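To keep things clear, I will list the structure first and then write my remarks on it.
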Amino acid sequence: MQNLTRQSLLFVSTIVGLLVCAQTPVRVQLDTADTAFDVVDEALNIRYDSPERSNELLASATPILLDEGDTLNAIHVLAEIARTSGHQAHYKVAYDNLWQALLLADQANLEYAKACIYTSIGRYYSFYKRKENALGYFDQALSINQKLIEDGKHPEAILSDVYFAISKTYGEFGEIGLSKQYLDSCINYHDPNVSGVHQAYLSIEQANLLSSEDRLVAALEHYNQALPWLRENDPGHQTLVHTFIADIKRRQGHFDESEALYNEALQISATYNRHIDFTPLIYEKLSKLYYDQGRFDAAYQNLWTTKELDEMYFDSRSENNRPLLEILDAFRRQKDQQQQLIQQNRVEELEHEERVFFLQRSILLVCLGSLLLLGFLYFKYVQNKHRTEKKLIKKEQELEIQKTKEILEMRNKELSISTLKLIEKDEFFSVLKEKLSKRDRDINIQEVKRLVRNKLPANGPNWEEFEARFVAVNQGFYDRLKERHPKLTQGDLKLCALIKLNFSSKDLARLLGISVESVHTTRYRLRKKLGLTRDVNLVEFIADV
């Protein structure tokens, strides 16, 4: 009997804590999806009369909200399903919906929603006497909320909800000191505009602690303070409060009032379909009350009812509890599966990226090879084109040079012919002068000489005419010759010009008015001035200049 009482009290506290973070009505949140709003509104209207139908409607609204992208409201709907299922002792349904809500919150990075769900799951673990597991989930919830506070996303009041759950857990395990400590922290951080825990629930928890200290009058005051709000907003919760007040009345010796309150609690539970799993504890209390009054038949009947209900709700053979013999961390298992899937996808992505990279690299190499080949072909084309152009230019230059040489040679020939004609003219006049000098004295020799002198004054003007024509044909000849051999005299330059025109020694003697031997001597001296050795031909050397 004592074990039954402890189990029932633990479950009562758990149900209170399940919606610590979900006190705001779901209807208020659903203003973004009209279809889902209508469904949820209908579900909330019938949640007391037909909780199973209410859960069906809520379950049908969840995919609608998810399709609308409203993950937060979908989480609220799942929390409401968990709450209703818990009141009906359908623990597996409640538990599964909480894990589903946690998965959605994790996927959508809704950190505050995750903290609330962690708090509710922690209360489930405390119900199954897994204190360390419960405190571990509370710590996760606190860590998330503290990070949100540090980042300035939420006020400090969000810590109040977790502290309330921790306080209840320590109270259920009989650690009254820690329970009071965390309840004080909850009250200090409490803000009615932010916290999910209403002041009425705080008053009930304070009353429970006062009752454990035998401060019964003060406890009754706190219970009575909470009742008005519960009647308007959470009438099913009166099942618990009436039971707690009945306990105090029984301890005070007010058995009739206690019996009436127990029966009223059972009636409220049946009316609102709330805290049905708490009814075994109420029947057990009634049985003890009747036993103390000597009403053994009534005591036995209530005790038998207690046994049947206890087996239904808490026995390990019960269909309700069999799935919960071992609480599986569905969230962690799902996360591991997701992680494995992510790793598998990552491996496939890496393999795909590697194939793509290999293909890209192959294409790049092909393109690069093609570019290099095209570049080489273009280079060869340009090179061949330049070679062809150079050959054409060279050929044109050679033709131009050849043409220039031919023109120069032709003009030099003309110059030579002209010079030879001058020489012949000079010889003619010389012979004429000689013959005239031998004629009779009747001829006026002086007059003839004067005539001849007027026709061809001397070799000087003929040479000036020759030099002018030579320079015009052989431009730069004198300049190059003087640059290479600055010690040459005017006579040497004149001799070089005649040699360039390829005059023979005899012609040179006639032009210069000297003997052939003198010509040879002059040529010898010229070779020395030019620094020519015996094996160098003077005519070829001057022709190159």
Please find, within segment 486-534, the residue that is most open to solvent (accessible area, probe 1.4 Å) out of those that are basic (Lys, Arg) and touching a residue at least 60 places away in the same chain (Cβ under 8 Å).
Arg510
Residue pairs qualifying under the 9 Å Cβ cut-off, at least six apart or on distinct chains, with the first in segment 181-208 being touching a residue at least 12 places away in the same chain (Cβ under 8 Å) and the second being open to solvent by 60 Å² or more (accessible area, probe 1.4 Å) and of a type in the set (Val, Ile, Thr), are Gly196/Thr24; Leu202/Ile187; Gln206/Ile187
State whether one or more residues within segment 144-160 are under 28 Å from Ile245 (Cβ atoms), of a type in the set (A, V, I, L, M, F, W, C) and crowded, with 22+ Cβ neighbours inside 10 Å.
no
Report, ordered by the first and then the second residue, all pairs with beta carbons closer than 6 Å, sequence separation of six or more or different chains, a first member in segment 56-67 that is modelled with pLDDT of 85 or more, and a second member that is surrounded by fewer than 16 Cβ atoms within 10 Å (Cβ to Cβ).
Leu57/Glu42; Ile64/Thr35
Restricting to segment 241-281, count the residues that are in contact with a Lys or Arg (Cβ under 8 Å, 6 or more places away or on another chain), open to solvent by less than 10 Å² (accessible area, probe 1.4 Å) and more than 30 Å from Asn55 (Cα to Cα).
2
It is to be established whether one or more residues within segment 114-132 are of a type in the set (Phe, Trp, Tyr), under 33 Å from the mean Cα position of the chain (by Cα) and open to solvent by 10 Å² or more (accessible area, probe 1.4 Å).
yes
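Just the residues that are among the aliphatic types (A, V, I, L, M) and either at pLDDT below 90 or farther than 24 Å from Asp49 by Cβ (or both), please, taken from segment 211-235. Give the steps one after another, and end with the answer.
We begin by selecting, within segment 211-235, every residue among the aliphatic types (A, V, I, L, M); these are 216-220, 226-227, 230.
Answer for segment 211-235, where residues must be among the aliphatic types (A, V, I, L, M) and either at pLDDT below 90 or farther than 24 Å from Asp49 by Cβ (or both): Leu216, Val217, Ala218, Ala219, Leu220, Ala226.
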Residue list for segment 57-87, filter: surrounded by fewer than 19 Cβ atoms within 10 Å (Cβ to Cβ) and within 30 Å of Pro280 (Cα to Cα)
Ala59
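Tell me whether segment 214-227 contains one or more residues that are under 30 Å from Asn45 (Cα atoms) and open to solvent by 50 Å² or more (accessible area, probe 1.4 Å). Walk me through it before giving the result.
To start, the set of residues in segment 214-227 that are under 30 Å from Asn45 (Cα atoms) comprises 222-227.
Subset that is open to solvent by 50 Å² or more (accessible area, probe 1.4 Å): 224-225.
Yes, some residue in segment 214-227 is under 30 Å from Asn45 (Cα atoms) and open to solvent by 50 Å² or more (accessible area, probe 1.4 Å).
The values are calculated or read from the model by the stated rules, or taken from the named source; none is laboratory data. Keep in mind that this is a model prediction, so the values were computed, not measured. Because the Cβ atoms are built from the backbone with ideal geometry, glycine has one as well, and the counts that use them run over all protein chains shown. Surface accessibility is based on the protein's heavy atoms, side chains included, excluding ligands, DNA and RNA. Shrake-Rupley method; radii C 1.70, N 1.55, O 1.52, S 1.80 Å.
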